[in-house]
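Taken together, the values in this text are just the output of simple stated rules run on the coordinates, not laboratory data. Since the structure is predicted, the reported quantities are computational estimates derived from the model, not experimental observations. All Cβ positions, even for glycine, are placed from backbone atoms using ideal geometry, and neighbour counts span all protein chains on display.
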Amino acid sequence: MKLSGNELKSKIKLGLFLLAVVLALVSLYITQIIIEKIEQREREIAELYASSLTYLANSEAIGSDFTFIFEHIIQKIDFPLIMTDANDNPIFEEGGTGFRNLEIDSTKSAEEIKVFLKEKIVELRDEFPPIIVYYPKGVVWKKIYYGNSRIVVLLKYFPYIQILVAIIFLLISYASFNYFRKSEESMIWVGMSKETAHQLGTPISSLMGWNELLILNHKNPVKVLDIADEMADDLQRLNKITNRFSQIGSKPELKETNLFEIIDETRRYFERRFPQMGKKIAIEVVGDKNARAKINSDLFEWVIENLIKNARDAIENKEGLIRINISDKGKAVEIEVSDNGKGIAGKNKKNIFKPGFSTKKRGWGLGLSLSRRIIEDYHKGKIYVKETSEKGTTFAIVIPK
């Protein structure tokens, strides 16, 4: 079953939300494992310190052994540690070995340091139970209070900081996405209205011109009939424009059609009307007159018209040439639309098919983007810039047979 646009967006949003939740849980799980490993290592170091002190309590060579412990064990400790006597009184007379990794104001007196250490002992007791160091016969000699190192504290907050940053990023992205989506929708609606006016402009201005000629030549039956035929063409064009817009967004019907005839009919329509636009531009249709492919005539003509109009605008001289070549390539038909205009700037070549991009002062950048959609989405073909230079541009359309 094919999902609607809103259903698809909802599923994408739900999928992204679930992905974010899974990533957050995985991050928390991995961080927790790392924290447990570090805490285990730090406890082992504290226990090794306690075991060393227990050994000293039963040893006669205390002085030399304590130097070894200080250099090889105490110096490795990177987490908060306080050593007390059996009654929880801090010890710090032994060359600073009674506590480690605590930020203590150097201006404090000995009594003030003791008060600070006692307050810190209460905090450390809440983190982990103390490690007891015994004299022989099980008498308590010292206690070792310790806490988490700075890296463990940071790791505990890291997943939440990560999640918070991700949430902020998602909110900013969502707000930006909504802003650009609304801007794009607004641009497309305005662009479509302009494109509608642009499409209607040619036949309507022609009808006004034919009407003037009809008034001037009302006594000449031959001229009147000729003008009436041209007016009929413009009315037919208006009907085609209506059909084109009604087919955008739906699946158009494709029929096998002679491409040369369709393109040549478009040529005849524009060639009669170019002089009214102040330019003398010739349009040639050459190549395989029997090339056929499955197309929607109304939409395909729209593409050819857009390319002809772009070619006309690119021709800055009063005289110009637009050449349309049709080639049967076996499995596909290739249509080349060439002009002798000013060409496309290199920096613009990759953007010309993007909605909203235009180099014209009054352009809305929908002609070529609509043409790409018609060719690629509806006809499963391809449209691209085959060649461009200061001497002109060639667009190529490939339609599978």
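Quick notes on this structure:
- Taking all Cα pairs closer than 8 Å and separated by 6 or more residues, the relative contact order of region 253-400 comes to 23 percent.
- Loop-located GluC sites (Glu not before Pro) in region 286-319 (DSSP state other than H, G, I, E, B) with a sparse environment of at most 12 neighbouring Cβ atoms within 10 Å: E316.
- Sorted on the mean count of surrounding Cβ atoms within 10 Å across their residues, most packed first, peptides 44-53, 385-394, 210-219 read 44-53, 385-394, 210-219.
- For K386, the residues whose modelled amide H falls within less than 5 Å of its own, excluding neighbours fewer than 5 places apart on the same chain, are T394, F395, A396.
- Cross-link reach list, lysines versus K11, counting only Cα pairs under 26 Å and skipping chain neighbours closer than eight places: K2, K182, K251
- The packing ranking of peptides 372-382, 165-175, 344-354, highest mean first, is 372-382, 344-354, 165-175, where packing means the average number of other beta carbon atoms within 10 angstrom of each residue.
- For a straight C-alpha distance cut-off of 12 angstrom, the aspartates and glutamates reachable from K401 (same-chain residues fewer than eight places away being disregarded) are E256, D328, E334.
- Taking each of K240/K294; K240/K349; K309/K349 in turn, the alpha-carbon distance tops 25 angstrom for K240/K349.
- Site pair K219 and N317 shows an inter-label distance of 4.2 nm when each label is modelled 7 Å from Cα along Cα→Cβ.
- Once the Cβ-Cβ distance of K350 and R41 is raised to the sixth power relative to R0 = 41 Å, the FRET efficiency obtained is 0.15.
- Spin-label model distance (nm) - S389 vs L16, 7 Å beyond Cα toward Cβ: 4.6 nm
- Contour minus Cα-Cα distance for A24 and L155 (0.36 nm per residue): 45.8 nm
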